[in-house]
Amino acid sequence: MPVRLLFLTALIAMASCRDRSRAEPETPSDLARAEFNGSYPDNVEPNGVVRDVEIVAAPSELPLVDGKALQVWAYNGQVPGPVLRVRLGETLRVHFTNNLPQETTIHWHGVRLPNAMDGVPGVTQPPVPPGGEFIYEFTPKDAGTFWFHPHVRSSEQVERGLYGVLVVEEASPPPYSQDLVWVLDDWRLDASGQIDPNFNTRHDLAMDGRWGGAITINGRTDTVLRVRPGERIRLRLLNSANGRVFAPDFGDLDAQAIAVDGLYLPSPVPASGFELAPGNRLDVDLVFDRSSSAPLEIWDRFIARRPNRLATVEIDGDLVDTPRFASPAHAHVPAWSGATTIPIEHTFVLDAQSGGELGIQWTIDGVAFAGHDHAMAPALTLERDRFYHLSFSNTSPRIHPIHLHGMFFRLLTRNGAPSGETWFRDTVLIHPREQIDIGLVPTEAGTWMMHCHILEHAEAGMMTTIAVAP
Ligand SMILES: [Cu+2]
């Protein structure tokens with residue numbers, strides 16, 4: 001029903017655009033803007049339901065990785081933090097308390113929300129000091145899988161365990177047998193089995209961030225996915241690692257990707273092989289239509305020579321009727337096939353140089369982010385509701401998953417060739433020496449961060465802001 005409404009809105013909007021075109025010829029940019037209509041709503045009317053949640057960030061000790069006691073920093077004493085679930089239209093009000101020995105904030109990754117709620121110190125709010133409090137309140141505009149984490153010293157705070165998932169459900173969620181959240185992470189432990197306290201090492205800064213040897217799902221290395229034959233489950237994957245990229249391989253399982261970075265695809269695509277970079281989410285529709293005695297496993301094959309087993313699958317118990325419903329992946333996403341002919345508004349150059357407190361600086365357009373205490377001019381100012389063609393040129397030999405706050409974009413090309421992607425993202429992995437082009441229509445006014453989600457790269461300067469004029 002809401003989707004039909006969206007299409008209707010799109011048709012009306014396109015029709016009114018055509019009316020206008022009788023007076024003046026449409027530019028390719030106008031056409032791209034019109035194609036965008038109906039992609040996602042301008043606004044969601046709050047339905048009056050307020051979900052009050054308390055979140056406390058504090059040191060904690062938990063049986064993680066292989067089950068030994070691990071000293072972590074945690075939201076509400078859990079790693080991952082609590083899964084917050086709200087329905088579209090509901091308002092989330094988070095009463096946050098910082099009981100860490102450092103200042104912190106909470107950033108709501110992927111959520112289109114008022115700029116003041118985005119959790120970026122020095123840009124959208126002052127940092128929350130130890131013992132301090134802050135109230136985050138917003139009504140999500142999009143259903144999907146999102147997450148939250150600190151935006152202060154993230155290479156340390158996220159690595160120590162501060163992250164959680166926010167699930168925004170549509171008014172009537174599709175009737176999956178199970179709706180599961182899997183947070184993928186890795187841990188670098190020292191000889192005593194605790195989190196290696198050497199953050200931002202020279203090696204991690206210069207290479208692809210901090211990669212740990214212990215790979216976990218929801219904090220554990222021994223994950224078993226238990227299902228009954230016939231079940232159809234929705235598996236929401238998040239990569240919360242500092243630097244590691246995952247490429248899940250579901251083997252013989254029937255696994256279709258239905259959403260990326262929260263938003264539905266126009267139609268499902270095979271889930272195996274998707275490059276799940278730090279910050280990315282992938283919602284997978286899994287149908288278990290048989291019982292099986294053969295071992296079923298889910299692997300990470302990002303580094304093909306050294307694959308990692310993520311989980312085993314056990315199909316057991318009585319056969320259940322498979323929920324039959326059309327895949328929810330039927331969003332409107334603009335094709336933007338003519339968008340690459342529109343002049344590029346700006347090309348961001350991603351590179352490194354020596355210097356700064358850490359000895360190496362990662363730069364955007366030759367500039368390293370000077371820290372949240374220093375006022376910096378936005379790298380780019382955009383207008384709301386206009387189509388933009390942007391480009392990123394990675395002149396470095398490292399990978400950079402670039403994340404934009406406050407907006408979604410579509411990957412148009414990689415090295416000039418069509419990306420083949422039919423979906424929106426908020427984070428895209430840029431490979432070494434690669435050039436990518438994206439298309440976007442900013443919908444939220446404010447000053448939004450754009451940064452590399454390899455947290456060591458961000459810490460060493462690969463962050464900037466984009467201003468969206470009201
Ligand atoms: Cu990077």
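Residues in the range 417-456 that are assigned to a loop (DSSP other than H, G, I, E, B) and closer than 19 Å to T363 by Cβ: H431, P432, R433, E434, H453, I454.
Put simply, of D179, D196 the only residue that is over 16 Å from the mean Cα position of the chain (by Cα), at pLDDT 95 or above and closer than 21 Å to V111 by Cβ is D179.
Filtered by the rule that a residue be within 23 Å of H431 (Cα to Cα), touching a residue at least 40 places away in the same chain (Cβ under 8 Å) and in a loop (DSSP other than H, G, I, E, B), the range 244-285 gives R244, V245, A247, D261, G262, E275, A277, P278, G279, N280.
The residues on offer are E45, E54, and the sole one that is among the charged types (D, E, K, R), within 28 Å of D185 (Cα to Cα) and either out of contact with any Phe, Trp or Tyr (no Cβ under 7 Å at 6 or more places or on another chain) or in a strand (DSSP E or B) (or both) is E54.
Filtering the range 78-101 to residues that are surrounded by 15 or more Cβ atoms within 10 Å (Cβ to Cβ) and over 23 Å from the mean Cα position of the chain (by Cα) leaves T97, N98, L100.
For the range 396-415, the count of residues that are within 12 Å of the ligand (Cβ to nearest atom), surrounded by fewer than 21 Cβ atoms within 10 Å (Cβ to Cβ) and over 23 Å from N37 (Cβ atoms) is nonzero. Determine the pairs where a residue that is on the phi < 0 side of the Ramachandran plot, located within the range 320-332, has a partner that is of a type in the set (S, T, Y) and not in a loop (DSSP other than H, G, I, E, B) with Cβ atoms under 7 Å apart, the partner being 6 or more residues away or on another chain. Close Cβ pairs satisfying both conditions: P328/Y264; A329/Y264; A329/S267; H330/Y264; H330/S267; A331/Y264.
Test P270 against the stated conditions and say whether it is more than 27 Å from T465 (Cα to Cα) and either surrounded by fewer than 17 Cβ atoms within 10 Å (Cβ to Cβ) or of a type outside the set (A, V, I, L, M) (or both).
Numbers: more than 27 Å from T465 (Cα to Cα): yes; either surrounded by fewer than 17 Cβ atoms within 10 Å (Cβ to Cβ) or of a type outside the set (A, V, I, L, M) (or both): yes.
So P270 fits the description; yes.
The values are calculated or read from the model by the stated rules, or taken from the named source; none is laboratory data. Values in this document were obtained by computation on a predicted structure and should not be read as measured data. Cβ sites come from the backbone with ideal geometry, for glycine too, and all protein chains shown count toward neighbours.
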